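Visitor: My questions all concern the structure below.
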């Protein structure tokens, strides 16, 4: 007998409903208790909420959120029915007025930053030949304005080159450079005002050409043999160290300025070295300080002992500046401090080498050298002329005229090829260091590019050393120099600062060079007038201007009378100032 089945299939089928479909009953309603809903179908395609894994290179565009918007935005639940449901209509109406991602003209946008066309912005530009870049001397220590050797202030700037960082690339990820101030304010200092560079850059004051008051010293004639083709093998010469007595006397220690102040020749007195820093302040990145002393309605714009104004900077304005040792720079000779000493040393000795020292053929000024004393000095004086010039800083609204007397300096004289007249020269030197070192600023190799790409070399220096070149140009214009000679000095070997070579010398007219740099002297004069007005309205006393080390602003402090006086020892020439000599041997 066969066993009976456990399940009676016919009875089970008979007990099922007579409907011929499986699932919820079919309805044409589109609301459920007054709430709209979308009927679904088993054929509906459910899209992903977001897809972060798609290969962007395969799809030829950006992945992630934008890709989701483009590919899966419309693949929502219920889209496969093709019905214009309430949700679909509302979504379309909303799309007409709002979109999370702008997809219009997406194909025309390039890979530039911030949608700025197809350009890639580089902070440093194209770097040319990278072999054989050189620089100056790092073992020289600055001689301050009292004859003693001083220290240096270490700061930073910005630089670049081929394959370098793109403009703005990971700026958010760069550590903040915290530079030290050139002088630390004390508790006894009182802040009177602070002015940011954006306000200073909008000022303008026309002072005219100025007038000559008197001149002192003498000038040797410039050696034209240095004007050979720059960069050519025949124009390369070794930089010699000549012991010559040169002076950097501050304003209040200048006997000529003291005499002019007693005669009421002007209300404001300064030297070109100090004044140029104030006039070019918006271009500066390093910290510096200037003393302003008011006595009997006269202002002396001065500098303190060991001031950083006496140091020549290197690549201050580069896109990526030389790093401090504390910032991870393992190359000590290419850190800011030694580079400043190297550049300062080169500028001390270079002007003495490019002149022909002849006692029978030199240009004597109207008066003898104001600082040189042959009875006390063992070294001969350097070729130098001091011109005291007066400028009118008055405004139409002023009740009384406001004049400024500045002591300017000239380095040499040269015969004009056409007229045969003497032309006054200002001589400065740019220096090149290791191109592979951090902070080189994307400079071209001077040995190979100075002869063929002279303009590119100079343009790079204008970018990396904007403040330094602006100060030199300002000093040349203040002195009413006819020409400015720029020497190109490089290290004999990039890893040694003991020897240097002169690759060539280029000459420029100061006014034309200022135009190339977009240097506006009227803005500089307005800056000077601004701080003079701030001090003039105060009582007699001592005031200090300090450039903030990490911000683009200047603070004016009222300080006690004895501030910085403990640093002065009273040595020097007749109690007036300093000897600055190029000592040692290369």
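Visitor: Beta carbons within 10 angstrom, averaged per residue: use that to sort the peptides 196-208, 255-267, highest first. Intermediate results must be reported in sequence, preceding the final value.
Guide: Working: 196-208: 13.9, 255-267: 16.5.
Highest to lowest by the protection proxy: 255-267, 196-208.
Visitor: What's the ranking of 326-333, 184-191, 311-318 by average number of surrounding C-beta atoms within 10 Å, highest first?
Guide: On the way: 326-333: 13.5, 184-191: 11.2, 311-318: 25.9.
Those peptides, ordered most packed to least, come out 311-318, 326-333, 184-191.
Visitor: Relative to the present Cα-Cα distance, how much length would full extension add between residue 178 and residue 364 at 0.36 nm per residue of separation?
Guide: Values: separation 186, 0.36 × 186 = 66.96 nm, distance 4.83 nm.
Answer, rounded to one decimal: 62.1 nm.
Visitor: For segment 200-563, what does the relative contact order come out to in percent, with C-alpha contacts under 8 Å and a separation of six or more?
Guide: On the way: 723 pairs, mean separation 106.3, N = 364.
Relative contact order for segment 200-563 comes out at 29 percent.
Visitor: Something else: Could you list, bin by bin from short to long, the percent of Cα-Cα pairs of segment 200-563 in 20 Å steps?
Guide: 28, 59, 13, 0
Visitor: OK, next. Rounded, prolate or oblate: which fits segment 301-355, taking a ≥ b ≥ c as square roots of the Cα gyration tensor eigenvalues, rounded meaning a/c under 1.5, else prolate when a/b beats b/c?
Guide: Verdict is oblate for segment 301-355.
Visitor: For residue 190 paired with residue 399, estimate the spin-label separation in nm (one decimal), with each label point 7 Å from Cα along the Cα-to-Cβ line.
Guide: 2.4 nm
Visitor: Which order, highest average first, do 438-444, 543-549 follow once you tally other Cβ atoms within 10 Å for each residue and take the mean per peptide?
Guide: Numbers: 438-444: 25.4, 543-549: 20.3.
The peptides rank, most packed first, as 438-444, 543-549.
Visitor: Then there is this: Could you give the length gained by full extension between residue 263 and residue 376, i.e. 0.36 nm per residue of separation minus their alpha carbon distance, to one decimal place?
Guide: On the way: separation 113, 0.36 × 113 = 40.68 nm, distance 2.98 nm.
Gain on extension, residue 263 to residue 376, equals 37.7 nm.
Visitor: Let me ask something else. Give, in nm to one decimal, the length gained when the segment between residue 518 and residue 495 is fully stretched (0.36 nm per residue of separation minus the Cα-Cα distance). Working shown, then result.
Guide: Numbers: separation 23, 0.36 × 23 = 8.28 nm, distance 3.48 nm.
Taking 0.36 nm per residue and subtracting the Cα distance, the gain is 4.8 nm.
Visitor: Would you calculate the separation in nanometres between label points at residue 456 and residue 562, each defined as 7 Å from the Cα along the Cα-to-beta-carbon direction?
Guide: Modelled inter-label distance: 6.0 nm.
Visitor: Does segment 390-530 come out rounded, prolate or oblate by the C-alpha gyration tensor, with a ≥ b ≥ c the root eigenvalues, rounded set by a/c under 1.5 and, if not, prolate when a/b is larger than b/c and oblate if not? Don't skip to the answer; put the middle values down first.
Guide: Numbers: a/c = 2.53, a/b = 1.72, b/c = 1.47.
Because a/c hits 1.5 or more and a/b exceeds b/c, segment 390-530 counts as prolate.
Visitor: If you don't mind, another one. Roughly how many Å is it from the Cα centre of segment 377-452 to that of segment 303-339, as a whole number?
Guide: 22 Å
Taken together, the values in this text are just the output of simple stated rules run on the coordinates, not laboratory data. Predicted model only: the values in this text are computed from it and were never measured. Because the Cβ atoms are built from the backbone with ideal geometry, glycine has one as well, and the counts that use them run over all protein chains shown.
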